[in-house]
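Working notes, beginning with the structure itself.
The values are calculated or read from the model by the stated rules, or taken from the named source; none is laboratory data. Here the structure is a predicted model, which is why all the values come from computation and not from measurement. Glycine also receives a Cβ, built like all others from the backbone with ideal geometry; neighbour counts cover every protein chain displayed. For the accessible areas, the whole protein counts, side chains as well, though only heavy atoms, and no ligand, DNA or RNA atoms are used. Shrake-Rupley method; radii C 1.70, N 1.55, O 1.52, S 1.80 Å.
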Amino acid sequence: MVKLNQAMKDMIAGELSYISTVDANGNPDVGPKISMRVLDDEHLIYNEMTGGQTQANINDNGKAIVAVANAKALKGFRFGGTAKLYTDGPYYEQAAKWAEGKFPVPKGAGVITIEKIWTLDPGPKAGKLFEE
């Protein structure tokens with residue numbers, strides 16, 4: 001399994017992330033996730049606040065990619081893996097606590113197990129699997 005490095009963690013903490021999913025018919029969906037954050041070196045977590053298409057797609061097949069970039073620095077990453085939504089238990093409780101005072105109570109906590117990382121930097125490494 002791949003691991004997040006500090007530069008990736010910092011970017012996730014400081015920039016808006018977008019999650020992309022796909023439905024059972026192969027139709028893509030993408031949306032911003034202002035609550036995206038690092039759970040640990042191998043997982044991301046976010047608060048599912050709308051319970052809409054992203055949630056339906058994850059519940060259907062679990063496929064997800066998260067993209068985050070800093071346009072000024074021309075740096076970015078794409079994290080691909082398997083997502084699961086939790087509506088109770090420790091992940092959900094953590095998401096609800098994180099939202100207190102800032103956001104509505106989440107409909108779920110999305111946890112993404114990172115299986116691949118690609119660079120989004122321009123140039124010869126653009127779109128290639130990340131290698132340190």
(request) With mean projected area of the Cα convex hull in nm² in mind, check [x] 8.2; [y] 7.5; [z] 20.8 and report the label derived from this structure. (result) [x]
(request) Could you tell me the accessible area of D29 in Å² (1.4 Å probe, neighbours in place), rounded to the nearest ten? (result) 40 Å²
(request) Over the chain, with every protein chain in place, what whole percent of the accessible area is carbon and sulfur at 1.4 Å, could you tell me? (result) 53 percent
(request) With a 1.4 Å probe and all protein chains in place, put E100, E42, E115 in order of accessible area, largest first. (result) E100, E115, E42
(message) Suppose all protein chains stay in the model; what accessible area per residue would a 1.4 Å probe give for the chain, in Å²?
(response) 56 Å²
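Under 1.5 on a/c is rounded, so check that first for segment 32-95, then, if it is not, pick prolate when a/b is larger than b/c and oblate when it is not; a ≥ b ≥ c are the square roots of the alpha carbon gyration tensor eigenvalues.
Since a/c reaches 1.5 and a/b is larger than b/c, the shape of segment 32-95 is classed as prolate.
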(request) Return the sequence-ordered ³J(HN,Hα) values of segment 41-57 in whole Hz as given by the Karplus equation 6.51 cos²θ - 1.76 cosθ + 1.60 applied to θ = phi - 60°, using x for Gly and Pro. (result) 5, 10, 9, 10, 9, 8, 8, 7, 9, 9, x, x, 4, 4, 4, 4, 5
(request) Between V68, V30, V111, find the one with the highest GNM mean-square fluctuation for the chain; connect C-alpha pairs within less than 10 Å. (result) V30
(request) Based solely on C-alpha atoms, express the radius of gyration and the Dmax of segment 15-64 in angstrom. (result) 11.0, 32
(message) Suppose each label sits 7 Å from its Cα in the direction of the beta carbon; what would the A73-A56 distance come out to in nanometres?
(response) 3.6 nm
(request) Treating cross-link reach as a plain straight distance, find the lysines whose alpha-carbon is under 26 Å from the alpha-carbon of K128, omitting any fewer than eight places away in the same chain. (result) K3, K9, K33, K63, K72, K75, K84, K116
(message) Mean-square fluctuation check for the chain, GNM, Cα pairs under 10 Å: which of T119, T82, T50 is largest?
(response) T50
(message) 7 Å from Cα along Cα→Cβ at both A7 and T82: what's the point-to-point distance in nm?
(response) 2.9 nm
(message) Compute the distance from the alpha-carbon center of segment 103-117 to that of segment 1-30, in whole Å.
(response) 10 Å
(message) Springs between alpha-carbon pairs under 10 angstrom, Gaussian network model over the chain: which of A83, A73, A13 fluctuates most?
(response) A73
(message) Order I34, I114 by their accessible area, 1.4 angstrom probe, all chains in place, largest first.
(response) I34, I114
(request) Sort segment 77-132 into rounded, prolate or oblate with this rule: let a ≥ b ≥ c be the square roots of the eigenvalues of the Cα gyration tensor; rounded if a/c is under 1.5, and if a/c is not under 1.5, prolate when a/b is larger than b/c, oblate otherwise. (result) prolate
(request) Would you mind working out the magnitude of the charge dipole of the chain relative to its Cα centre, with +1 at each Lys and Arg C-beta and -1 at each Asp and Glu C-beta, to the nearest 20 Debye? (result) 320 debye
